[in-house]
1. Can you name the residue in segment 26-62 that is of a type in the set (D, E, K, R) and more than 25 Å from the chain's Cα centre (by Cα) and is also most open to solvent (accessible area, probe 1.4 Å) among such residues?
2. For residue 352, indicate whether it is of a type in the set (Ser, Thr, Tyr), out of contact with any helix residue (DSSP H, G or I) (no Cβ under 7 Å at 6 or more places or on another chain) and not in a helix (DSSP H, G or I).
3. Pick from segment 303-330 the residues that are assigned to a helix (DSSP H, G or I) and open to solvent by less than 80 Å² (accessible area, probe 1.4 Å): which of them is farthest from residue 419 (Cα to Cα)?
4. Does segment 230-248 hold any residues that are in contact (Cβ under 8 Å) with a residue 24 or more places away in the chain and crowded, with 18+ Cβ neighbours inside 10 Å, and which are they?
5. Do we have any residue at all in segment 87-102 that's open to solvent by less than 10 Å² (accessible area, probe 1.4 Å) and outside any helix (DSSP H, G or I)?
6. Going by what's in this entry, would residue 362 be described as buried (at least 17 other Cβ atoms within 10 Å of the Cβ) and of a type outside the set (Gly, Ala, Ser)?
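The values are calculated or read from the model by the stated rules, or taken from the named source; none is laboratory data. Note that this is a predicted model, so its numbers are computed, not measured. Note that each Cβ is placed from the backbone with ideal geometry, even for glycine, and that neighbours are counted across all protein chains shown. Surface accessibility is based on the protein's heavy atoms, side chains included, excluding ligands, DNA and RNA. Shrake-Rupley method; radii C 1.70, N 1.55, O 1.52, S 1.80 Å.
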Amino acid sequence: MATPAMVPLRQLFVDGEGRPPAQGRRLPVVNPTTEAHIGEIPAGTAEDVDAAVAAARAALKRNRGRDWARAPGAVRAKYLRAIAAKVIERKPELAKLEALDCGKPYDEAVWDMDDVAGCFEYFADQAEALDKRQNSPVSLPMETFKCHLRREPIGVVGLITPWNYPLLMATWKVAPALAAGCTAVLKPSELASVTCLELADICKEVGLPSGVLNIVTGLGPDAGAPLSGHPDVDKVAFTGSFETGKKIMAAAAPMVKPVTLELGGKSPIVVFDDVDIDKAVEWTLFGCFWTNGQICSATSRLLIHTKIAKEFNERMVAWAKNIKVSDPLEEGCRLGPVVSEGQYEKIKKFISNAKSEGATILTGGVRPAHLEKGFFIEPTIITDITTSMEIWREEVFGPVLCVKEFSTEDEAIELANDT
């Protein structure tokens with residue numbers, strides 16, 4: 001029997017160095033394709049968050065801020081571009097680790113790594129542009145006074161990121177924070193932290209000043225909650241569930257701390273009867289099933305004009321049956337497993353509840369017959385929906401599309417906004 005592929009053994013990244021978690025605990029990394037344990041990540045706790053925030057605060061103030069926070073944007077841009085170059089250099093390795101860790105098809109993971117590098121490059125440009133915008137004059141109605149605008153980093157930021165785009169969504173927060181001169185503590189999802197820990201290795205390799213970026217992995221209540229409520233964190237940015245977002249906002253409220261939240265969704269796609277049906281079918285299924293259906297902006301509610309609904313549904317079913325569901329490392333994979341057993345069971349329950357409420361499963365809703373292991377669910381299309389059904393109202397975060405017909409534009413708009 002072949003030995004399962006393993007992930008690198010990493011520690012927390014605090015003050016520029018690998019550091020074991022204070023309580024010595026680690027969490028298993030489970031390959032959602034095989035259900036095998038393929039490694040471990042550190043299980044950070046409040047003590048580790050305290051150390052990471054202290055390191056970020058020290059880096060912010062080092063040399064009166066001249067080393068990072070008040071350094072020219074061009075200095076910070078140099079590091080961001082170096083990180084981008086290393087990501088491209090290690091792209092195949094990083095993409096494979098992401099596929100093993102969260103089940104994302106390898107091709108998609110490769111494209112994500114291109115986007116990661118592009119994001120660091122983009123914010124390197126923004127850091128340089130910031131230099132040109134500093135001390136820009138502001139006109140005043142009185143000649144007695146002169147006014148100039150200076151932009152300064154907000155300080156230490158806590159960044160809490162999800163598992164569906166593990167490194168890319170972390171980068172969406174890390175790159176602009178560093179470009180602005182902030183220092184940061186990143187807490188990635190415990191379900192997919194592997195590539196974020198590789199980012200730590202890259203930061204060390206390019207010589208990013210110690211403490212500028214710190215990475216603490218671990219469970220949400222143990223590491224995410226202490227970070228979001230930490231008195232020395234000046235801002236929190238979070239992408240994830242609505243319920244967790246509420247908790248983060250509540251934790252920040254006593255200190256009136258700025259919070260940026262990107263939470264769940266239940267986005268509609270509206271298809272009228274004058275479309276090219278084949279193109280509309282392709283884009284509808286792309287919008288719902290990309291990244292294994294695990295996207296907060298997934299178009300998981302299809303509103304279809306009643307005149308074309310029957311034909312449209314038939315073509316969607318035929319298309320869905322031809323989507324290759326497989327090990328994400330297999331060539332041509334277009335749908336891999338969902339990220340974890342917990343998520344797998346949650347999605348199956350959504351589908352089961354929909355059936356019990358009277359909905360019809362047009363296709364999918366079960367494990368593919370050719371895959372005995374892994375957290376796989378066939379592309380699923382559900383009809384005979386009412387707007388009171390759980391499946392219509394709640395975010396599934398899996399490869400599940402709900403279909404409802406409409407007759408008029410006003411009706412379509414009302415249904416689209418009913419969420």
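1. The initial filter retains those residues of segment 26-62 that are of a type in the set (D, E, K, R), namely 26, 35, 40, 47-48, 50, 57, 61-62.
Filter once more, so that each one left must be more than 25 Å from the chain's Cα centre (by Cα): 47, 57, 61-62.
Working: 47: 87, 57: 48, 61: 134, 62: 71 Å².
The extreme case among them is 61.
2. Numbers: of a type in the set (Ser, Thr, Tyr): yes; out of contact with any helix residue (DSSP H, G or I) (no Cβ under 7 Å at 6 or more places or on another chain): yes; not in a helix (DSSP H, G or I): no.
Here the answer is no, as residue 352 does not meet what is asked.
3. First, pick out the residues of segment 303-330 that are assigned to a helix (DSSP H, G or I): 309-321.
Next cut, open to solvent by less than 80 Å² (accessible area, probe 1.4 Å) only: 309, 311-313, 316-318, 320.
Values: 309: 22, 311: 27, 312: 24, 313: 23, 316: 24, 317: 26, 318: 29, 320: 26 Å.
Among residues in segment 303-330 that are assigned to a helix (DSSP H, G or I) and open to solvent by less than 80 Å² (accessible area, probe 1.4 Å), the one farthest from residue 419 (Cα to Cα) is 318.
4. 230, 233, 234, 235, 236, 237, 238, 239, 240, 244, 248
5. Within segment 87-102, none of the residues are open to solvent by less than 10 Å² (accessible area, probe 1.4 Å) and outside any helix (DSSP H, G or I).
6. Details: buried (at least 17 other Cβ atoms within 10 Å of the Cβ): yes; of a type outside the set (Gly, Ala, Ser): yes.
It is true that residue 362 is buried (at least 17 other Cβ atoms within 10 Å of the Cβ) and of a type outside the set (Gly, Ala, Ser).
Rundown of residues vs (1) touching a Gly at 6+ places or on another chain (Cβ under 6 Å); (2) modelled with pLDDT of 95 or more; (3) part of a loop (DSSP other than H, G, I, E, B), yes/no style:
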{"position": "109", "(1), (2), (3)": "no, yes, no"}
{"position": "124", "(1), (2), (3)": "no, yes, no"}
{"position": "145", "(1), (2), (3)": "no, no, yes"}
{"position": "148", "(1), (2), (3)": "no, no, no"}
